[in-house]
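Chemist: This structure is in structure tokens; I'll ask about it shortly.
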Amino acid sequence: MPAAASEMLVGASSDFLTRFSPFNRMEPEALGFLAERATLAFHSRGSEILTPEMGQPTHFHIVQRGKVQARQLGPTSVTDYAAMTLGPGECFPIGAISAQRPSTNAYVAVEDSFVFQLPAEDFLKLMQMSPVFHVFCTQYIASLLNQSRQQLQSTFAQRAAEQQTMTTPLGQLVKKEPIFVAPDSSIRAALEKMSEMRIGCMVIADAEHKPIGILTQSDLLPRVVLPGIDLQRPICDVMTATPHVMSASDSAYDAALEMATHGVRHLLVVDSEGRLKGVVSERDLFTLQRIGLRQVRSSIEGADDLEALQRASRDIRQLALNLIAQGIGAEQLTQFISALNDALTCRIIDLARARHELYGIDYAWLAFGSEGRHEQTLSSDQDNGIIYVCPEGADQDALKNRLLACAKEVNENLAACGFPLCKGNIMASNPELCLTLEEWKGRFGDWIREPDPQALLNATIFFDYRVLCGNERLGDQLRAWLNRTAKAYSNFLRLMASNALQVAPPLGRIRDFVVEEDGTIDLKKSGARLFVDVARILALRADVASSSTVQRLRQAGTRMGMPAEEIAALIDGFHFIQLLRLRSQHLDTEHDAPGDNRINPDALNELDRRILKEAFRQARKLQLRLKLDYQL
Amino acid sequence: MNWLTRLLSNRTDTATLDVALRDAIANWEALAAPDLGTAHFETRYVVINTEASGLDLDKDRLLAVAAIAIDREHLSPHDSYYAPLEPDAATALTNLLTFAGKGPVVVFNASFNRSLLERALDEHLRLTPDWTWLDLHWILPALYDEHIDRPARLGDWMKAFGIETFQRHHALGDAWAIAQLMLAAQARARTLGLNTPRSLADLEHSRRQLRRHG
């Protein structure tokens, strides 16, 4: 009696399903239908159950035991955080299968999992058969729409946050101690103070520090200079009495409105007792307003002199700091810093090019090191070079000199915009780094064939090049040649690998972390670099063109058959360390100390400490892999 | 009553079997042997489990048989079989043969299940199937040594995987759990490059050898 057996097993499945919503509310026939049609499959930890690449889903899945993670893929990078874990009784993909389109999520078993599956046509039948299930699916789809709407909102919120500085309370804007004089001070004394302090206006306050008047630069001509007033007279004779005053808790926006309404350029900020806290100028508010991603970008593109570029550079930093403060992720943040710095550099090159005759020269501006990897932090030196083509019959020396002269101006202007000159002279104005394609190949080839320690060190900087502006094809040609050549010299990769393994992640056996004498960990040397170095070797081996560490790990790892989950964990680890670096630089910058990469793990909160530990474990895992691959 | 007397007293002559049963057995015998070199996702494994009056091979009798197919790495409730031996053992066992075909057959603890079943088949149908038997008792610890690294009881393995069943110590109830373990075994075997029934058989063989010599 085979029927008896399947009845028992169907019963077992439906007993299981009725422990979960919506199945527990489902009509008995519908539940029976589902339990009868559903088959059980097993998915090993790390295996993909359903991905967008698999096309229209053929089955509807219900987790029986284990955990399945849904990761949203695609260009919307915010969604990297929207990973959702599904446990027993939860099902997928509802939206994709109802709409009969490929899933937008990748579903990966994060534990060994047993999962029921129902053929797609039975899923559709079930929807028709069971009003309960129909409502469940419809609501689910609606809730997805809702979520995506919320996601949009949060994107807008983020955009709004870029502008949010306009809601900053004025009390936070005025940082300097207020400068003022008493009403009986001489005009001369007040003017001397203005000149000495380089301020555009002088506040006149009484003995209790309550402002009673103001004198601005624009008042000087009509009130002091033209009437030929005696400078020994007290300042109260020429000041504007009852100045516009705002409370420290008013917002920058309120101040802007007040200025616009009354046509004034300065507002006095007072505390709750009416004492002077400082002065806000129209200029201060404009600076605030200008700091938005798009504004920064357009101000870079529109900049036509060094001063404008310097302003833009300051804005980039300010915006980066704001974004860190708002808790943006490391990946977006570094991408964003990198994008704006690229735009700035390109603009600097454009401006320099206009003053140097480079017409007809085929060249590309290369970024090396962290800039080459899109991983600049706020305190990176400039590392750059040039690759160019010398046409046959051309005077190479003359051509190169023209490039070098232009490069020198670019290097200096970059320095003026806050990218310190490279101490090791890794700059395009160095004749050694302004080379033709053939010369670069010769240089790289020497390092690969004779990998002495210096050559290996060079490789870690120069092999991370990317074309920042100019002819990208030159960079591509060099990359193709480099990957081919490095792969052919396995001894070179082996030595690179042994070099990369010289620093171990600072994980202790007894304590969580191994710290240096001053109790800190160098997040660059014993953190980020561990990932960067291994990623570079994997990329050379797997012929990955990208210079970014994340892309290298992602692409090379996939090519080498590393489970996607493992790759994602590595990348998360790397991002977290980068975020900590940026954060600590942010704090240091605020305290006016030079940004460095050291953190004291004891100063981290418990959660961050645990994540950091996990990040180091990921680095160890990556190193272990390299060790095994090269038997080191 | 020892096994010999029981054997002698209960033994049926196949000639006395019903025509339908004889046809079914003939059909089963005519089936081609399975290709043990196919991949798991192309293979139909049959999990077989028995229920006996006790655990003593000498004294106890087979009470019921159950089977669940794992076809192309999927377990479907429809592809299953269960029958008590009473009242009609010959029919129960013939239908089992029809359900299982030529295997490969998966059991948990062959030394008990296989002996009991082979004895019953011989007794009632006068035949011994030439199935390839795969014993999860040996295979599981070879594949999932992070859970249990030596042969263990079914209950222990169910606990390790969090597997539940509707009725323990029931032929089909336990078969349902064993079948789930087989799903897990296939998936792990695949990641280790053991892609076929033959490679599972080899794995089991080398485990038994190791155990014997170790």
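Each reported figure results from applying straightforward, stated rules to the coordinates on display, with no laboratory input. Model, not experiment: these values are computed from the prediction. Please note: Cβ atoms are built from the backbone with ideal geometry, for glycine as well, and neighbour counts cover all protein chains shown.
Chemist: Can you tell me how chain B classifies by the Cα gyration tensor, rounded, prolate or oblate, using a/c under 1.5 as the rounded cut?
Modeler: Since a/c reaches 1.5 and a/b is larger than b/c, the shape of chain B is classed as prolate.
Chemist: Apply the a/c threshold of 1.5 to the C-alpha gyration tensor of segment A:401-510 and tell me whether it is rounded, prolate or oblate.
Modeler: Oblate shape, in that a/c is at least 1.5 and b/c is the bigger or equal ratio.
Chemist: Need one number: nm distance between label points at A:LYS525 and A:GLN631, each 7 Å from Cα along Cα→Cβ, rounded to one decimal.
Modeler: 3.3
Chemist: Right, next: Please state the charge dipole magnitude for segment A:388-441, taken about the Cα centre, from unit charges on C-beta atoms (+1 on K and R, -1 on D and E), reported in debye and rounded to the nearest 20.
Modeler: 240
Chemist: Placing unit charges on C-beta atoms (Lys and Arg positive, Asp and Glu negative, everything else neutral), compute the dipole magnitude of chain A about its Cα centre in debye, rounded to 20.
Modeler: Here the size comes out at about 1060 debye.
Chemist: For a quick check, take a GNM of chain B with Cα springs below 10 Å and name the residue from B:TYR144, B:TYR45, B:TYR82 with the largest mean-square fluctuation.
Modeler: Top of the fluctuation ranking is B:TYR144.
Chemist: In debye, nearest 20: dipole of segment A:386-521 around its Cα centre with unit charges on the Cβ of K, R (+) and D, E (-)?
Modeler: 460
Chemist: Mean residue ellipticity at 222 nm from the helices of chain B, using -39,500 (n - 2.57) per DSSP H segment of n ≥ 4 over the full residue count, to the nearest 500 deg cm²/dmol?
Modeler: Rounded to the nearest 500, the figure is -15000 deg cm²/dmol.
Chemist: Could you tell me the calculated FRET efficiency between B:ALA20 and B:LYS159, based on Cβ-Cβ distance and R0 = 45 angstrom, to the nearest 0.05?
Modeler: 0.55
Chemist: Something else about it: I'd like to know which of A:ALA120, A:ASN471, A:ALA35 lies farthest towards the positive end of the charge dipole of the protein assembly as shown, counting +1 on Cβ of Lys and Arg and -1 on Cβ of Asp and Glu.
Modeler: It is A:ASN471.
Chemist: Which lysines, on any chain, are close to A:LYS176 with Cα under 27 Å apart, when same-chain ones fewer than 8 places away are left out?
Modeler: A:LYS193, A:LYS210, A:LYS277
Chemist: Further question: Which of the three applies to segment A:202-246, rounded, prolate or oblate, going by the alpha-carbon gyration tensor with a ≥ b ≥ c and a/c under 1.5 meaning rounded?
Modeler: Since a/c reaches 1.5 but b/c is at least a/b, the shape of segment A:202-246 is classed as oblate.
Chemist: Going toward the positive end of the dipole of the protein assembly as shown, with +1 on Lys and Arg Cβ and -1 on Asp and Glu Cβ, which of A:THR345, A:ALA488, A:MET8 do you reach last?
Modeler: A:ALA488
Chemist: In the neighborhood of A:ASN483, defined by Cβ-to-Cβ distances under 9 Å, what is the net charge if each Lys or Arg adds +1 and each Asp or Glu adds -1?
Modeler: Summing Lys and Arg as +1 and Asp and Glu as -1 gives +3.
Chemist: For A:GLU90, enumerate residues with amide H under 5 Å from its amide H, sequence gap 5+ or separate chain, H modeled in the peptide plane.
Modeler: Under 5 Å from the amide H of A:GLU90 lie the amide H atoms of A:VAL63, each far enough along the sequence or on another chain.
Chemist: Still on this structure: For B:LYS159, list the lysines whose Cα falls under 19 Å from its own Cα; do not include residues on the same chain fewer than 8 positions away.
Modeler: A:LYS67
Chemist: What does DSSP give for the protein assembly as shown in terms of the percent of beta bridges that are antiparallel, rounded to the nearest 5?
Modeler: The antiparallel fraction comes to roughly 85 percent.
Chemist: Can you list, largest first and rounded to whole Å, the semi-axes you get for chain A by taking the square root of 5 times each eigenvalue of its Cα gyration tensor?
Modeler: For chain A, the semi-axes come out at 55, 39, 23 Å.
Chemist: Excluding A:ASP464 itself, calculate the net charge of residues whose Cβ lies under 10 Å from the Cβ of A:ASP464, where each Lys or Arg counts +1 and each Asp or Glu counts -1.
Modeler: +1
Chemist: Gap in Å between the Cα centre of segment B:82-107 and the Cα centre of segment B:160-174?
Modeler: 20
Chemist: Non-local amide H neighbours of A:GLY470 (under 5 Å, H modeled in plane, Pro and chain starts lacking H): which ones?
Modeler: Amide H to amide H, under 5 Å and 5 or more residues apart or across chains, A:GLY470 pairs with A:TRP365.
Chemist: Among A:344-351, B:62-69, B:84-91, how do they line up from the highest to the lowest mean number of other beta-carbon atoms within 10 Å?
Modeler: So the peptides A:344-351, B:62-69, B:84-91, ranked by packing, come out B:62-69, A:344-351, B:84-91.
Chemist: Here is a further query. Tell me which of A:CYS390, A:ALA415, A:MET197 sits at the most positive position along the dipole axis of the protein assembly as shown, charges placed on C-beta atoms (Lys, Arg +1; Asp, Glu -1).
Modeler: Towards the positive end, the residue furthest out is A:CYS390.
Chemist: Can you list the residues of segment A:428-448 with backbone N under 15 Å from a point 7 Å past the Cα of A:ALA488, pointing along Cα to Cβ?
Modeler: Only A:441-448 fall inside the zone, counting backbone N under 15 Å.
Chemist: Looking only at other chains, what is the average number of their beta-carbon atoms within 10 angstrom of each beta-carbon in A:30-37?
Modeler: 1
Chemist: Okay, next question. Give the average, rounded to an integer, of partner chain Cβ atoms located within 10 angstrom of each Cβ in B:164-173.
Modeler: For peptide B:164-173, the averaged partner shielding equals 3.
Chemist: Let me ask another. Counting only helical runs of four or more DSSP H residues, what would the 222 nm mean residue ellipticity of chain A come to if each run contributes -39,500 (n - 2.57) and the total is spread over all its residues?
Modeler: Helix-only estimate at 222 nm: -16500 deg cm²/dmol.
Chemist: Any idea what the relative contact order of chain A is, in percent, if you count C-alpha pairs under 8 Å spaced at least 6 apart?
Modeler: After rounding, I find 9 percent.
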